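Quick notes on the structure that follows.
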Amino acid sequence: MSEVKINPGDTFEIALKKFNRKVQQAGILAEARRRSHYESPQARRKRKAAAHQRKMRRFQRAS
């Protein structure tokens, strides 16, 4: 759960911006979108394999 400390002089807009940044960094919205529809085990494996290939390609380019 994301928690935001608000300073006494902060406006609502500043507090909202801090909250949005925290939620984005925690990946809460991305996970909620991913879980909003059922993903079959085959689709999950396919997505993870594609992510792994992208990561390996990026790693090889950097080396």
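The values are calculated or read from the model by the stated rules, or taken from the named source; none is laboratory data. All values derive from a computational prediction rather than experimental measurement. Heads up, the Cβs are rebuilt from the backbone with ideal geometry, glycines too, and the neighbour counts pull from every protein chain shown. Side chains included, ligands, DNA and RNA excluded: accessible areas come from the protein's heavy atoms. Shrake-Rupley method; radii C 1.70, N 1.55, O 1.52, S 1.80 Å.
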Point to revise | Options SER40, VAL4, GLN25, ranked by Cα towards positive dipole end of the chain, top entry (Cβ charges) | key: SER40
Exercise for review: Mind grabbing the base-10 log of I(q)/I(0) for the chain at q = 0.15 Å⁻¹? Debye formula, identical points on the C-alpha positions, no solvent, two decimal places.
Suggested key: -0.72
Check your understanding: Which order do peptides 2-12, 16-26 fall in by mean Cβ count within 10 Å, highest first?
Key -> 16-26, 2-12
**Study point:** Point-charge dipole on Cβ atoms (K/R +1, D/E -1) for the chain, about Cα centre, debye to 20
**Key:** 680
Review point. Rolling a 1.4 angstrom probe over the protein heavy atoms, how many square angstrom per residue are accessible across the chain?
Key: 98
Check your understanding: Once every DSSP H run of n ≥ 4 in the chain is given -39500 (n - 2.57) and the sum is divided by its residues, what mean residue ellipticity at 222 nm do you get, rounded to the nearest 500 deg cm²/dmol?
Key -> -23500 deg cm²/dmol
Review point. Can you pull the percent of the chain's accessible area that's carbon plus sulfur, 1.4 Å probe, other chains left in place?
Key: 56
Exercise for review: Return one number: the angle in degrees, 0 to 90 and rounded to the nearest 10, between the long axis of the Cα atoms of helix 12-26 and the longest principal axis of the Cα atoms of the chain.
Suggested key: 20
